[in-house]
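Peer 1: Sharing a structure, written as structure tokens. Questions coming.
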Amino acid sequence: MFGRALTSVAWGVVAELYGRKPVIIMGTITVVIFNSLFGLSVNFWMTVSTRFLLGSLNGFLGPIKPLMSSIIVDCVFSLHDIAYTEVEARVNYLKKETLNYICRCASEAKKLVEDVEIETHKVDVAERQVAEMFWR
């Protein structure tokens with residue numbers, strides 16, 4: 001950690017000058033090398049020095065943060081677009097189904113009104129016939 005604290009700003013400058021990719025590749029290689037040497041340490045000072053060199057030569061921590069944030073932002077916006085498209089499709093489906101239901105209800109109401117008018121006409125005819133029978 002002490003090595004990272006001392007060199008993180010310098011690795012940020014190197015990443016700005018030469019690009020993130022070379023810094024990330026070099027950082028990955030140094031992690032492999034110095035973690036292996038750390039595991040093969042035979043005394044305390046070798047352990048301390050390999051960990052210090054691992055921290056100071058591992059420069060991918062600085063460039064990886066903006067890279068990951070840009071990846072995450074892109075993913076969030078693409079997920080937002082997908083979610084928006086999905087919501088829009090569902091809203092359109094519900095709108096279509098609602099219009100179909102309204103049309104079915106309107107046609108059924110029209111049919112009911114016609115049936116009531118027919119029955120009203122039948123009742124009027126029956127009342128006239130009864131009135132003619134009793135008033136003759």
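The values are calculated or read from the model by the stated rules, or taken from the named source; none is laboratory data. Predicted model only: the values in this text are computed from it and were never measured. For neighbour counting, all protein chains shown are included, and Cβ atoms are generated from backbone atoms with ideal geometry for every residue, glycine included. Just the protein is used for accessible areas: all its heavy atoms, side chains included, with ligands, DNA and RNA removed. Shrake-Rupley method; radii C 1.70, N 1.55, O 1.52, S 1.80 Å.
Peer 1: Which of the residues spanning the range 1-53 are in contact (Cβ under 8 Å) with a residue 24 or more places away in the chain, of a type in the set (Lys, Arg) and closer than 15 Å to ILE64 by Cβ?
Peer 2: ARG4, ARG20
Peer 1: Return the pairs, sorted by first residue and then second, in which the second residue is modelled with pLDDT under 90, the first residue lies in the range 95-112 and is small (Gly, Ala, Ser), the beta carbons are less than 9 Å apart, and the residues are 6+ apart or on different chains.
Peer 2: Sorted first by the residue in the range 95-112, then by its partner, the list stays empty.
Peer 1: Taking the stated definitions as given, is VAL125 open to solvent by less than 90 Å² (accessible area, probe 1.4 Å) and at pLDDT 85 or above?
Peer 2: Yes.
Peer 1: Is it the case that some residue within the range 67-80 is in contact (Cβ under 8 Å) with a residue 40 or more places away in the chain, at negative phi and under 36 Å from the mean Cα position of the chain (by Cα)?
Peer 2: Among the residues of the range 67-80, at least one is in contact (Cβ under 8 Å) with a residue 40 or more places away in the chain, at negative phi and under 36 Å from the mean Cα position of the chain (by Cα), which makes the answer yes.
Peer 1: Okay, next question. Is it fair to say GLY3 is at pLDDT below 80 and either of a type in the set (Gly, Ala, Ser) or exposed (fewer than 12 other Cβ atoms within 10 Å of the Cβ) (or both)?
Peer 2: The answer is yes for GLY3.
Peer 1: Could you tell me whether the range 40-59 includes any residue that is surrounded by 12 or more Cβ atoms within 10 Å (Cβ to Cβ) and either of a type in the set (D, E, K, R) or in contact with a Lys or Arg (Cβ under 6 Å, 6 or more places away or on another chain) (or both)?
Peer 2: yes
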